[in-house]
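All of the numbers you see were taken from the coordinates with simple rules; none came from a lab. All figures in this text were calculated on a predicted structure; none of them were measured in a lab. Glycine gets a Cβ as well: all are built from the backbone with ideal geometry, and neighbour counts include every protein chain shown.
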Amino acid sequence: GLTDRDGSDSVAAAACDSLRAAHRALAARRDAIEAVKTVAARVRALDETLAALRASIAGAGLPAELLATWQLAELDRAALHAAAPCFMPALFAARRELFVAAMALQQAFVAGAWSKLKPTLAAFMNVLTGGVQPGSVPGGVAALWDTFFLVVPVVSTTFASFPRVFAGIGREELGWLLIDEAGQAAPQQAVGAIWRSRRSVIVGDPLQLEPVVALPEELVTPLLARTGAERQWVPPATSAQTLADRANRYGTWLRQGEKDDPVWLGAPLVVHRRCLDPMFGIANGIAYDNRMVYGAGRDSAPCPESGIGESCWVDMPASDAQGHWVASQGHMALELVKRLTAQGLRDEENRFRVYVITPFRHVARQFKALLHEKLGKDTEGMAGTVHTFQGKEAEHVIFLLGGDPTRPGVIGSYAGKKPNLVNVAVTRARRRLYVIGDRGFWTDPGHDPRGIYRRLAAPLPTCRPDELRGRLDVPPGE
C-alpha cells in the first residue's frame, strides 16, 4: 500500500484540526458579541424605563428626604441602614386607620356573636384554670383557643408557664410565636413553644446577657461526653437566639476580639436609637466591632435638670471593701441618686428615671437596703444586678462596680470575661452614665485581660469624689 513517507498527510490533518478549532472559536466569538449586544440593548431599555420612573416620581411632589431614601445604591452605609424606603406618612396613616377599622370590625363581630361565643369562652376558662383537663375536651383545645384569640389576639407568657398554659395544643396549632429577649433563653426552654407554632419570630441580642444555667461546667462536660452531644447546643454559649441566627441565611459575621471565633448574627438590626454618646460608642466598641450605626440623634438638652454634668468615672479606692461591697462607693451612689431624684425625674409611670446597676449580687443587696432606708419604697426597682435590667432603660444610670481588691480574678473570670455584661449595663442609660469604682483596679491589664473595662474607661473623664460633690446640693455622708 501507499505510505506517507514525508509526513505531509499528518501536517494536513493537523492544519485541518486547527482550522476547524479557529472556526469554532470565531463562531463562539460571534455568539458572545451578539449576547453582549442583546444584554446592552436590555440595559438601555431598562435605563430608559428607570429614567421614566424617576421622572414620574420626581413629578409626584414627594418630599426630597423621602426620595433620597429610594436611591439605596447611592447611600453610604449609615444612611442605608437608617433608610426606610417603604415609609410614607400618608401610607402609614392609612395603615393605622385600616388597623383601627379592623379592630372595630372584630369588636362588632364579637358583640354580634356573643350569645354563641360566651359558652365557648366559659369552657375555655375552665380549661385554663384547671377545672377541665385539656385531654378531656372533645376535638381538643385548639378550637377553644381560636375562640379566645377572637377576643384577645395576643397572649403574653413566659417559657416556664408555656407548657401549662398551652397544654393540649399540638404541633403547629398556633399561628405566630414572638420570642423577645431570645438571647437569654436556653434552647430547651423555647423548643416546645416553637414546636406548637407554624411561624416563629425570634428577636434578641446574643451579645447581651446569656442564658442563666444552674448546671456547673464540671457537670456539663462529662454529660456531653456521655451523650455524645456537641458543645454548640449547650447553654449559656448557645441560646434560642444563636440557634435562630444559625438557621438564618441572611446575616453577617462579627468578631469581638482577635482570639475569639466570629459570631454569626442573623438579619442584624444595626441602627441603635436608644443611647447617646459615650454610651453608644462604648457598647459599639466593646461588643459590636464598631459595626453599629448611631441613630439616637443629638443631645438637645445637656441635662440641666440634673446639675451633675457629663458622664464620667468617679474614681474611688476600695480601701473599705467588705467583700465586693465598698461602703464609700455605695454612699457616693446614694448622693448621686438623691441629687437626681430631688429634681423629680420620673417617667410616665411615676418611677424615677435613674438606675443603679452593679455586677455583683452582694453589692445589689447592700445598696438596695441603703436606698430603702434613706429614700423609702419609691426607690423599688431602681437598683439591682445587671441581669435584672435587661430590656429596661433610664435617663441616668449609675454603674456601681464595687469589687473585692483581694480577688482581682473576678474581673477576668466573670465581670469582664465577655463584653455582654458591660454592654447591657452601659446601654441601659439613654443620656448619662456615671461609673463609680476603683479605676486603677478595674482597668489594670493584669485584672482585665480582655481590656473591656479599659475600653469602658477610655471615653469617660475621671472625676474625683470631692469634685463631684461640689456639683451636688446634697451634703455628703447622709
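Going down the list K392/K417; K338/K418; K368/K417, which pairs span over 28 Å between their C-alpha atoms? Beyond 28 Å between Cα atoms: K338/K418.
What the Kirkwood sum gives for region 54-120 is a hydrodynamic radius of 15.4 Å, with every pair of different alpha carbons counted. The simple spin-label model puts a point 7 Å past each Cα toward its Cβ; for D180 and R365 those points are separated by 3.1 nm. The trypsin sites (Lys or Arg not before Pro) of region 182-277 that meet both conditions, a loop assignment by DSSP and at most 15 other Cβ atoms within 10 Å of the site Cβ, are R249, R255, K259, R273, R274. Here the ratio of the Cα radius of gyration of the chain to 2.2 N^0.38 Å is 1.39. Each of V422, A369, S115 was placed along the dipole of the chain (beta-carbon charges, centred on the mean Cα), and the one lying farthest toward the positive end is S115.
Where does each of 138-145, 64-71, 235-242 land if you order them by average Cβ count within 10 Å, highest first?
Output ranking for 138-145, 64-71, 235-242: 235-242, 138-145, 64-71.
Across the options P187, A237, V165, the greatest Cα extent toward the positive end of the charge dipole of region 154-269 (unit charges at beta carbon of Lys, Arg, Asp, Glu) belongs to V165. Placing pseudo-labels 7 Å out from each Cα toward the beta carbon at V203 and E97 gives an inter-label distance of 2.7 nm. Angle of helix 142-151 to the longest C-alpha principal axis of the chain, folded into 0 to 90 degrees and rounded to 10: 70°. Using 0.36 nm per residue and subtracting the Cα-Cα separation, the extra length available between E34 and V154 on full extension is 37.3 nm. In region 8-61 the Cα-Cα distances spread across 10 Å bins starting at 0 as 21, 21, 17, 14, 12, 8, 5, 2 percent of all pairs. About its Cα centre, region 154-269 has a charge dipole of approximately 480 debye under the convention of +1 per Lys or Arg Cβ and -1 per Asp or Glu Cβ, with nothing else charged.
Does region 154-269 classify as rounded, prolate or oblate by the C-alpha gyration tensor (a ≥ b ≥ c root eigenvalues; a/c under 1.5 gives rounded; else a/b over b/c gives prolate, otherwise oblate)?
oblate
Each residue of region 94-105 is assigned a 3J(HN,Hα), and the resulting list reads 5, 5, 5, 5, 5, 5, 4, 5, 5, 5, 5, 5 Hz, derived from the Karplus form 6.51 cos²θ - 1.76 cosθ + 1.60 (θ = phi - 60°), x at Gly and Pro. Sorting the segments 166-175, 333-342 by their residues' average number of neighbouring beta-carbon atoms within 10 angstrom, most packed first, yields 333-342, 166-175.
Evaluated with a Cβ-only charge set (Lys, Arg +1; Asp, Glu -1), the chain carries a dipole of roughly 800 debye about its Cα centre, given to the nearest 20. From helices alone, the chain scores -13500 deg cm²/dmol at 222 nm; the rule is -39500 (n - 2.57) for each run of n ≥ 4 DSSP H residues, then divide by the residue total.
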